[in-house]
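Okay, so here's the structure we're looking at.
Only the coordinates and a few stated rules stand behind these numbers; no lab work does. Everything quoted here is computed from the prediction, not taken from an experiment. Here the Cβ positions follow ideal geometry from the backbone for every residue, glycine too, while neighbour counts run over all protein chains shown.
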Ligand code: AQP
């Protein structure tokens, strides 16, 4: 907690074009905390390099994400929007927290297991210690809440364990954060294989709907979405494709699953898929327009990045100074 105001922190990697999974599970929810919390929303480029990135793409996507944060309703006057590598305290605290994180704890992280399978030629130490950097991101700002999708729950829980352990040794250092995971949209699945999470680094572009896809592309992708051999639009076990489409439609329209089942009673999958595509494309239309407008002004984006980095560094410095003192590092 900073000066009695509660803190919300979250981050997204600029490791690909953002998907509606990133949007519904995280980004869309960020703005609702800006009135009552001090918010820090970060573009976590240091996390992104745990997987090989093309430098020009990483740079371009960092600008794009800054524009997208704003296009999704985040006002840089109300929330601190910044790039992780602009605030060196993240890397500094990550090193310290590495020394308070168990090898066994890191070995149990599902993301590490998944990503080391996916990138078998590059299982680097950064991929393994990624959760310690994420703990640093969160703990630097004395964060109370972390709005994320369900896939990040395990990392936030580890952050809590690390913070609790640190506080036992050095009382009063960190606020213990809570993950905030919305029930609808917490895990949007791939359209090509609805048993798998929709992921921005998926190689099959038809598996993923990007926030910036145009309307025709969005509708085409939903039309092709894998479903099952039934025709009735209803939630059920083994109906992963339809369950996923119902939850996407619910997120974009605010309707409950029961309302959706009633709305499509007696109508086939084709009609339902079209409605999901239209609801998604229509909701994202204003985001796309705003994004294009903001992205065109590079000087403004850079000024906002600088402003965000300065603000974040100010708060991060307070925590890092406290941590250094508690650890016994000499202050000069
Ligand atoms: N499919 C999803 N459904 C709901 N939420 C999701 N998130 C990601 N995918 C889904 C949430 O988006 C936020 C940012 O994620 P990230 O960039 O840190 O990386 P990630 O979780 O590993 O997401 P991706 O898209 O799968 O990225 P890549 O392909 O680079 O690994 C998080 O809050 C996450 O929960």
- Message: Using only alpha-carbon positions, what ratio does the radius of gyration of segment 148-275 give when scaled by 2.2 N^0.38 Å?
- Response: 1.35
- Only residues of segment 143-169 count here: report those whose backbone N is under 20 Å from the spot 7 Å along Cα→Cβ of residue 103, or say none. 162
- Chain lengthening between residue 257 and residue 184 when straightened (0.36 nm per residue, less Cα-Cα): 25.3 nm
- Item | Exposure proxy ranking, count of Cβ atoms within 10 Å, fewest first, for 62, 8 | 62, 8
- Distance from segment 41-120 to segment 121-147 (C-alpha centre basis), Å: 8 Å
- Return a whole-number percent for the relative contact order of the chain, with Cα pairs under 8 Å and 6 or more residues apart as the contact set. 22 percent
- Message: Tell me the angle of helix 55-71 to the major Cα principal axis of the chain, expressed in degrees between 0 and 90 and rounded to the nearest ten.
- Response: 80 degrees
- Could you check what % of the DSSP bridge pairs in the chain are antiparallel, to the nearest 5? 15 percent
- Message: At 7 Å along Cα-to-Cβ for each site, give me the label-to-label distance between residue 54 and residue 235 in nm.
- Response: 4.1 nm
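Where both partners of a DSSP beta bridge lie in segment 1-155, what percent of those bridges are antiparallel, to the nearest 5? Write down the numbers at each step before the final one.
On the way: 1 of 13 bridges.
Rounded to the nearest five, the antiparallel share is 10 percent.
Counting other C-beta atoms within 10 Å, which of 148, 51 has the fewest, and how do the rest follow? Walk me through the numbers on the way to the answer.
Details: 148 23, 51 17.
Neighbour counts put them in this order, fewest first: 51, 148.
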- Task: Working from Cα positions, state the angle (0 to 90°, nearest 10) between the long axis of helix 125-139 and the longest principal axis of the chain.
- Result: 80 degrees
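For 39, 72, 99, what's the fewest-to-most ordering of other Cβ within 10 Å of each Cβ?
Ranked by crowding around the Cβ, least crowded first: 99, 72, 39.
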- In nanometres, what is the gap between the two model label sites at residue 215 and residue 121, each 7 Å from Cα along Cα-to-Cβ? 4.2 nm
- Estimated distance in nm for a label pair at residue 75 and residue 324, the labels positioned 7 Å out from Cα along Cα-to-Cβ: 3.6 nm
- The helix 269-295 Cα axis meets the longest alpha-carbon principal axis of the chain at an angle in degrees, between 0 and 90 and rounded to 10, of 40 degrees
